[in-house]
Amino acid sequence: MQNYLTPNFSFAPMIPERALGSRVWDTEGREYIDLSGGIAVNALGHCHPDLVAALAEQSQKLWHISNIYTTKPAQELAQKLVEHTFADKVFFCNSGAEANEAALKLARKYGRDHFGGHKTEIISCLNSFHGRTLFTVSVGGQPKYSKDYAPLPQGITHVPFNDIAALEAAISENTCAVIIEPIQGESGILPATQEYLQAARRLCDEHGALLILDEVQTGMGHTGKLFAYEHYGITPDILSSAKALGGGFPIGAILTTDKIAPTFGPGTHGSTFGGNPMACAVGSRAFDIINAPETLAYVEKQGQKLQTTLRELGEKTGVFKEVRGMGLLIGCVLSDKYQGRASEITAAALKHGLMVLVAGADVMRFAPSLLLNDEDMAEGLKRLEAALTEWIA
Ligand SMILES: Cc1ncc(COP(=O)(O)O)c(C=O)c1O
């Protein structure tokens, strides 16, 4: 097929056409098991009937209205997010990058408004990923994503992840925010330690800095809790969410407190499509299903099962040396012999009818539907074993 799109993506050699649950079919009618979840987006699988109904229902009522009006779906979803988290207020946007952009802008303005023009420094972690806008690639700790776009925004310091001493040395009265992914997603499904996030919370408090948790990938049930911060016994000042928030429909959000939210006074920030009624209606229905205790318990149970089997498969084939992550957000670290070759495995898996992801060059990533059933999991693992066996032969 002729490709009319810019070449910034290397597309797979098949074209997905339709999908249901954890199965996808391409334009040739070939079937795939999807253990990638559209990169942690399709939290309820593909075309979940309740989300299809929510979208169809809302599409008959109101698609878009300018943001000088609020809508019932937006207020409903925001209320649910507030009632089930640390937050008091929500700002809606359309993606993870936009959510982090808003979080960082909010933190800079909060620092300036409350402490003065010196409080603008942002601390972020090496190898972190926060999105593709100029501000978020600059804050992200992977220069390969930002170097071609210089001059970059200033006042950003990068420190090693999970290194309390480095954070302690970097933070100062000039720091307006520390931004952390509770599990570094794009760079290998690497969880923050309890001590690290707790120290980050304490250091932010001591220096009047805001703690931003980027839960774009970890949020909305993937770790077995609604948001990953719940595993750590701390709360952030600002949390960014996107990906699974819309269950496959584009939406992003930041959650924050009543202390900080007034910084975003009228006219200070905005988005034409943010809080779009279609996205919020789908997100609201997705929220109810994801946040149900039985769904979160199921994620925990299926996550354990998937991790255990991946560990066994790693031992049997010698391809993985470590399986890590939480719930159904899982990374398999390649053995030394296979380092740097994760994308070869995703290609091999696709040939065997399985969609999986990489998280950097050395880690295979699994972020399937939170409703992944035993049959699809077993079939997916069978295909993975076949792919790995052929690949190492
Ligand atoms: C932790 C994290 N933050 C931000 C983003 C950017 O989200 P989006 O691609 O929706 O802009 C991602 C995307 O992978 C992510 O994993």
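The values are calculated or read from the model by the stated rules, or taken from the named source; none is laboratory data. Remember, predicted model here, so these are calculated numbers, not experimental data. Here Cβ is always computed from backbone atoms with ideal geometry, including for glycine, and neighbour counts include all displayed protein chains. To get the accessible areas, we keep the full protein, side chains included, count just its heavy atoms, and leave off ligands, DNA and RNA. Shrake-Rupley method; radii C 1.70, N 1.55, O 1.52, S 1.80 Å.
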inquiry  = Among (1) open to solvent by less than 40 Å² (accessible area, probe 1.4 Å); (2) of a type in the set (A, V, I, L, M); (3) more than 16 Å from the ligand (Cβ to nearest atom), there is one condition residue 40 misses while meeting the rest; what is its number?
reply    = (3)
query = What single numbered condition from (1) in a helix (DSSP H, G or I); (2) in contact with a Lys or Arg (Cβ under 8 Å, 6 or more places away or on another chain); (3) more than 24 Å from residue 279 (Cβ to Cβ) fails to hold for residue 119?
reply = (1)
message = I want to confirm something. Restricting to segment 88-113 and keeping residues that are over 29 Å from residue 160 (Cβ atoms) and away from the ligand (no atom under 16 Å from the Cβ), which single residue is surrounded by the most Cβ atoms within 10 Å (Cβ to Cβ)?
response = 90
request  = State all residues of segment 251-292 that are away from the ligand (no atom under 16 Å from the Cβ), open to solvent by 50 Å² or more (accessible area, probe 1.4 Å) and closer than 28 Å to residue 47 by Cβ; if no residue qualifies, say none.
outcome  = 272, 285, 288
key: The listed residue being touching a strand residue (DSSP E or B) at 6+ places or on another chain (Cβ under 9 Å) and of a type outside the set (A, V, I, L, M, F, W, C), out of 118, 48   = 48
inquiry  = Please pick out the residue among 10, 22 that is of a type in the set (Gly, Ala, Ser) and open to solvent by 70 Å² or more (accessible area, probe 1.4 Å).
reply    = 10
inquiry  = Quick check on my filter: what residues within segment 114-142 are surrounded by 19 or more Cβ atoms within 10 Å (Cβ to Cβ) and over 17 Å from the mean Cα position of the chain (by Cα)?
reply    = 119, 120, 121, 122, 123, 135, 138
Sole residue being open to solvent by 50 Å² or more (accessible area, probe 1.4 Å) and either out of contact with any helix residue (DSSP H, G or I) (no Cβ under 9 Å at 6 or more places or on another chain) or not charged (D, E, K, R) (or both), chosen from 349, 387, 342, 378 = 378
key: residue 18, sole failed condition from (1) farther than 21 Å from residue 366 by Cα; (2) in contact with a strand residue (DSSP E or B) (Cβ under 7 Å, 6 or more places away or on another chain); (3) outside any helix (DSSP H, G or I)   = (1)
ask   = What residue, among those in segment 162-215 that are hydroxyl-bearing (Ser, Thr, Tyr) and closer than 20 Å to residue 120 by Cβ, is surrounded by the most Cβ atoms within 10 Å (Cβ to Cβ)?
value = 175
query = When you look at residue 29, is it modelled with pLDDT of 95 or more and within 17 Å of residue 356 (Cα to Cα), yes or no?
reply = no
Qualifying position, being at pLDDT 95 or above, at positive phi and open to solvent by 20 Å² or more (accessible area, probe 1.4 Å), among 248, 221 = 248
query = Cβ-Cβ below 6 Å, separation at least six or inter-chain, first residue in segment 316-332 and small (Gly, Ala, Ser), second open to solvent by less than 10 Å² (accessible area, probe 1.4 Å) and not in a strand (DSSP E or B): which pairs?
reply = 325/189; 327/222; 327/223; 327/299; 327/303; 331/188; 331/189; 331/359
request  = Taking only segment 64-79 into account, find how many residues are open to solvent by 40 Å² or more (accessible area, probe 1.4 Å) and assigned to a helix (DSSP H, G or I).
outcome  = 4
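Give the residue that is farthest from the ligand (Cβ to nearest atom), with candidates limited to residues of segment 228-250 that are more than 15 Å from residue 90 (Cα to Cα), among the hydrophobic types (A, V, I, L, M, F, W, C) and assigned to a loop (DSSP other than H, G, I, E, B).
So the residue we want is 234.
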inquiry  = Against the definition (of a type in the set (A, V, I, L, M, F, W, C), at positive phi and touching a helix residue (DSSP H, G or I) at 6+ places or on another chain (Cβ under 7 Å)), how does residue 54 come out, yes or no?
reply    = no
request  = Can you give me the ranges of the strands (runs of 3 or more DSSP E) entirely in segment 251-337 with at least 1 residues that are under 19 Å from residue 362 (Cβ atoms), in contact with a helix residue (DSSP H, G or I) (Cβ under 8 Å, 6 or more places away or on another chain) and among the aromatic types (Phe, Trp, Tyr)?
outcome  = 320-326
task = Starting from residues that are of a type in the set (A, V, I, L, M) and without any contact (Cβ under 8 Å) to a residue 24 or more places away in the chain, keep the ones in segment 143-156 and report whichever is most open to solvent (accessible area, probe 1.4 Å).
result = 150
